[in-house]
Amino acid sequence: MRAFIALDLPTEAAGWLNQIVDAAKRSPALSELSRSKVRWVALHQAHLTLRFLGEVSEQQVQVIVDELTSGLTGRSWRLSCWFDGVGAFPSPRRARVLWAGLAGDVKQIIELGEIASGAARTAGLASEDRPFQPHLTIARIEPPAAGLSNLLDSIRVESQHWRFETLSVVQSILKPTGPEYTDLAQFDL
């Protein structure tokens, strides 16, 4: 099965993210993407991926759940965050992903990412090649688009504080209509 570990986006944060996405969709600079296909993320599925797992077995999922249980137990996670800017991966000059950035308890989110990565390694998965950068994907672009600086500069991000309250191990089934997610395990933070 295809799976990932993520922080679930609370309802109030999804509302703020929706405002960011609407601003991006309304931006006159969006015309810069005219040759590219933009697939906007379904906001009811928005999450902050801590570790993409890829194809894993049920046994590997159980190891990951056990490791997460061990790594999260006995800790109090205060993950107060707010949205802070937008960006593009790998860069505005060759954008494949538009994302919303975070501020606040980002160090704790990075620490949770390290716990998730450790659980994945214990389950026999390879280490990530890139450093973890907390963000929420808002759109995917194919083929990669160039010159998105105007679009990124045009989006104003204003949000109040909110908290991540749950971490989930999620199965992702890819369908023509978009991914379908099912929680395999959930942890209260």
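The values are calculated or read from the model by the stated rules, or taken from the named source; none is laboratory data. These numbers were taken from a predicted model, which means no experiment stands behind them. Backbone-built Cβ (ideal geometry, glycine too); neighbour counts: all protein chains shown. These area figures cover heavy atoms from the full protein model, side chains too; ligands, DNA and RNA do not enter into them. Shrake-Rupley method; radii C 1.70, N 1.55, O 1.52, S 1.80 Å.
Miscellaneous remarks
- Accessible area per residue, Å², the range 1-138 with all protein chains present, probe 1.4 Å: 52
- Spatial separation of Cα centroids for the range 73-89 and the range 46-65, in angstrom: 20
- Judged by the mean number of other Cβ atoms found within 10 Å, the most tightly packed of the peptides 175-183, 150-158, 2-10, 81-89 leads the ranking 2-10, 81-89, 150-158, 175-183.
- Listed residue (GLY54, LEU72, SER36) projecting farthest to the positive dipole end of the range 34-117, Cβ model: SER36
- A straight chain from SER57 to ARG96 at 0.36 nm per residue would run longer than the Cα-Cα distance by 11.1 nm.
- As computed over the chain, the Cα convex hull volume per residue (Å³): 112
- Inter-label distance, ASP84 to GLU111: 1.7 nm, where each label sits 7 Å from its Cα along the C-beta direction.
- Of all accessible heavy-atom area on the range 81-189, the percent that carbon and sulfur account for (1.4 Å): 46
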